[in-house]
Amino acid sequence: MGRRDQHGDGRGQEGGGHAVELRGVRRQYGRGAGAVHALRGIDLDLPHGTFTAVMGPSGSGKSTFLQCAAGLDRPTGGTVRVGGTDLTRMRENRLTALRRERLGFVFQAFNLLPSLTVEQNVSLPMRLAGRRPDPRRTARALAQVGLGAHAGRRPGQLSGGQQQRVAIARALVTGPDVVFADEPTGALDAGTAAEVLGLLRHAVDGLGTTLVMVTHDPVAASWADRVLFLADGALAGDLERPSAGQVAARMAALTGAARRTAAA
Ligand code: ADP
Ligand code: MG
């Protein structure tokens, strides 16, 4: 199965551009002397079917970047395109529909609905998108994360790692163009984190998903094809297929620079 045509319906081919394109993206909080420039002009292309990790010191703009790229927050300036569609000019209701139909989300705190079963949690995005939940799709998504036997359980009956695997199945069930993950392994121990990262890696390699993951863990970042570094709201370099050690060394340099600036 080609990476470009992950859904078998030609959707991955459209436009031929990148999965995610940012041009001059700025995000400012407040105005005047007290304004915070969380993003200072980000230009970025993320190819289809790639896994990108985003790292940077605390306060460097990682969460703001993810929120803007995923259409959860509106930049103060610049444009964000997902699958060729400009999110920055869309009306809120269309943006919500696009997020439901074409994007997937995985969060540090899993964000499952405790009163729903695993199966109901996974099929929820189809329901929210106004589609009839397809039991075979739900079953396939659960099988992909190794939880086919747990469909009738509630999230509270599962371990943290299992809950995050349910969240990954929920993110993948609609066959999204892009999955955005904010610290998906932040609440997991190292072994469980590796399982979750292996599933995310497989979504990229096996299903052609485009994945963008914010993390502060160099080991998690080393699963990505490319690691982008943010410092003070701007891109501060990248590494292709790095080892955890290379990522840690780059982070130490950035964090040291941030401390020296703050102390000056
Ligand atoms: P990171 O995720 O890398 O820690 P954030 O994107 O959360 O960074 O924040 C970037 C900067 O923007 C920080 O200086 C933060 O204090 C500021 N910031 C984030 N959200 C808000 C907000 N809602 N109001 C004001 N400042 C904010
Ligand atoms: Mg953050």
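Worth a mention:
- Measuring nothing but how far apart in sequence close Cα pairs (under 8 Å, 6+ apart) lie, relative to its length, the chain scores a relative contact order of 25 percent.
- Taking max minus min of the alpha-carbon positions on each principal axis, the chain gives extents of 58, 40, 36 Å, largest first.
- Global form of region 68-213, assessed from the alpha-carbon gyration tensor, a/c cut-off 1.5: prolate
- Put the Cα centre of region 20-58 next to the Cα centre of region 93-117 and the gap is 22 Å.
- The chain - percent of accessible surface contributed by carbon and sulfur, probe 1.4 Å: 51 percent
- Prolate/oblate/rounded label for region 97-152 (Cα gyration tensor, a/c 1.5): oblate
- Computed magnitude of the charge dipole of region 179-264 (debye, nearest 20; Cβ of K, R +1, Cβ of D, E -1): 340 debye
- Solvent-accessible area per residue in region 93-223 equals 41 Å², computed with a 1.4 angstrom probe and all protein chains kept.
- In order along region 152-157, phi translates into HN-Hα couplings of x, 7, 9, x, x, 8 Hz, rounded to whole numbers, per the Karplus curve 6.51 cos²θ - 1.76 cosθ + 1.60 with θ = phi - 60° and x for Gly and Pro.
- Karplus-based coupling profile of region 168-179, in residue order and whole Hz: 5, 4, 5, 5, 8, 5, 8, x, x, 5, 9, 10, with θ = phi - 60° in 6.51 cos²θ - 1.76 cosθ + 1.60 and x standing for Gly or Pro.
The values are calculated or read from the model by the stated rules, or taken from the named source; none is laboratory data. Note that the structure is a prediction, hence the values are computed from the model and not measured. Positions of Cβ are generated from backbone atoms using ideal geometry, with glycine treated the same way; all protein chains shown enter the neighbour counts. Calculation scope for accessible area: heavy atoms of the full protein, side chains included, ligands and nucleic acids excluded. Shrake-Rupley method; radii C 1.70, N 1.55, O 1.52, S 1.80 Å.
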